[in-house]
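Trainee: Got a structure here, written out as structure tokens. Questions coming.
The values are calculated or read from the model by the stated rules, or taken from the named source; none is laboratory data. Keep in mind that what you see is a predicted model, and the values were worked out from it rather than measured. So basically every Cβ, Gly included, is an ideal-geometry build from the backbone, and we count neighbours across all protein chains shown.
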Amino acid sequence: MPALYPFLIVPEFHERVWGTRDLRPYYTHVVEGEPVGEVWLTGDTCAVASGPLVGKTLAELAQEYGAEFTGQASLQPDRFPLLVKFLFPRQKLSIQVHPDDQFAQQTGEPWGKTECWYVARAVEGAQIGLGLRPGINREMFRMAIESNQAEHMLNWLDVHAGEMYYVDAGTVHAVGPNSILIETQQSSDTTYRLYDYGRGRELHLNLGLAAIHEQTHAGLAESREVDGHQELLASPRFIVEKYKVESPAILHTESGKSSVEVMVCVDGGAVVECAGAQPLPIMRGEAVVIPASSPAVTLRPQWGAEVLRMRLPSKEVTEPRTSLHTSSATKHV
């Protein structure tokens, strides 16, 4: 088999009723059919776009190379562990919930779906709904769904570019229009739709209500500076960091278990350099996958660049510290 190396990914464009036909400034892709809501960067069927492995999917590489590709930190080395995507909401997404690992395994899935959202772009008034309001329990929420009042049961938060929001499994959530989000999540597409504004799509009330956690860790994540870059979020399921690349930056890794990494260029352009591999330019909207066995990576700016780096934690990590800034109060969790 060819040796592994950092490579670009061919994105997948997924139609969604709440999406858009204008994907700028990240993509010039012409949307002629239904609107696109999600651009998947690391789905199982996303394919390699550069080097000798061109055309291979992430699922195929995980099967063939195992932990050499996905890393020792992966719970299931023969599956790619992280799904990274852009969200382009122009209408409200459904109110929904994702199962945690235990609930997912009871229904035959390998793991649940904890996720986070980095706000890449937002216009004034853009909002997300995150968690049930204080005092709202599962039964009260069911009654609100039946009376078409579900929207009013959520914490609605104004969002701004550069913020990171944590959405752990079991959190009831929704996304309003007029933002562009970069989502990092466990590699699962299990979604229980609870309320959909009368759009006629299937709901999953029994499973969804059973999967709800009335108290969660969801909220605006508190970032910190680490070795010249910003750690946006560290959680038990993934770590997301942001690099402002104005001079060459070496991406250090901690001691512990290895992990495959994903890098997404949010703005500008940079070159990914890795010993034994060809320099790899990365531009806005593009994603690079770094196999777990790769040597240290250096990011060299072509001009100023903003790059997100996603990976699994190398050792045990606790839930992140977050806050919910609602219209009435700020709640720390």
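Trainee: Being among the charged types (D, E, K, R) and out of contact with any strand residue (DSSP E or B) (no Cβ under 9 Å at 6 or more places or on another chain) is the filter; apply it to segment 242-278 and report the residue that is farthest from Q302 (Cα to Cα).
Mentor: K257
Trainee: Can you pull out every residue in segment 313-329 that is part of a loop (DSSP other than H, G, I, E, B) and within 17 Å of S223 (Cα to Cα)?
Mentor: Hits for segment 313-329 are P313, V317, T318, E319, P320, R321.
Trainee: Does any residue in segment 206-218 that is in the same structural domain as I128 (by TED's automatic domain parsing) come within less than 8 Å, Cβ to Cβ, of a residue that is surrounded by fewer than 23 Cβ atoms within 10 Å (Cβ to Cβ) and in a helix (DSSP H, G or I) six or more places away or on a different chain, and which pairs are these?
Mentor: Short answer, once both residue conditions are applied: L209/R138; L209/R142; A210/F103; A211/F103; I212/R138; E214/R138.
Trainee: Looking at segment 153-190 only, could you name the residues that are modelled with pLDDT under 95 and either among the β-branched types (V, I, T) or out of contact with any Gly (no Cβ under 9 Å at 6 or more places or on another chain) (or both)?
Mentor: Hit for segment 153-190 is T190, nothing else.
Trainee: Next up: Every residue in segment 17-31 that is without any contact (Cβ under 8 Å) to a residue 60 or more places away in the chain and either buried (at least 17 other Cβ atoms within 10 Å of the Cβ) or more than 22 Å from R199 (Cβ to Cβ) (or both), please.
Mentor: Selection gives R24, T28, H29, V30.
Residues checked against (1) within 18 Å of I290 (Cβ to Cβ); (2) surrounded by fewer than 22 Cβ atoms within 10 Å (Cβ to Cβ):
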residue: A3; (1), (2): yes, yes
residue: E12; (1), (2): no, yes
residue: G33; (1), (2): no, yes
residue: L41; (1), (2): yes, no
residue: L58; (1), (2): yes, no
residue: F88; (1), (2): no, no
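Trainee: Looking only at segment 4-35, how many residues end up being among the polar types (S, T, N, Q) and under 21 Å from V271 (Cβ atoms)?
Mentor: 0
Trainee: Taking the stated definitions as given, is D168 closer than 30 Å to S258 by Cβ and in the same structural domain as E124 (by TED's automatic domain parsing)?
Mentor: When the stated conditions are applied, D168 passes them.
Trainee: Right, another one. Give segment 266-298 a look and list any residue that's in contact (Cβ under 8 Å) with a residue 40 or more places away in the chain, farther than 27 Å from Q72 by Cβ and in a strand (DSSP E or B), or say none.
Mentor: V266 - this is the single residue of segment 266-298 that is in contact (Cβ under 8 Å) with a residue 40 or more places away in the chain, farther than 27 Å from Q72 by Cβ and in a strand (DSSP E or B).
Trainee: Let me ask something additional. Does E246 meet the test of being among the acidic types (D, E), buried (at least 19 other Cβ atoms within 10 Å of the Cβ) and not assigned by TED's automatic domain parsing to the domain that holds E68?
Mentor: For E246, the condition - among the acidic types (D, E), buried (at least 19 other Cβ atoms within 10 Å of the Cβ) and not assigned by TED's automatic domain parsing to the domain that holds E68 - is not met.
Trainee: Condition first: touching a residue at least 60 places away in the same chain (Cβ under 8 Å), assigned to a loop (DSSP other than H, G, I, E, B) and out of contact with any His (no Cβ under 7 Å at 6 or more places or on another chain). Can you find one or more residues in segment 51-68 that meet it?
Mentor: yes
Trainee: Also, quick follow-up: Give just the number: which of (1) of a type in the set (V, I, T); (2) modelled with pLDDT of 95 or more; (3) outside any strand (DSSP E or B) does I9 not satisfy?
Mentor: Result: I9 fails condition (3) only.
Trainee: Go through segment 138-187 and count every residue that is in contact with a Phe, Trp or Tyr (Cβ under 6 Å, 6 or more places away or on another chain) and closer than 18 Å to T216 by Cβ.
Mentor: Of the residues in that region, 7 qualify.
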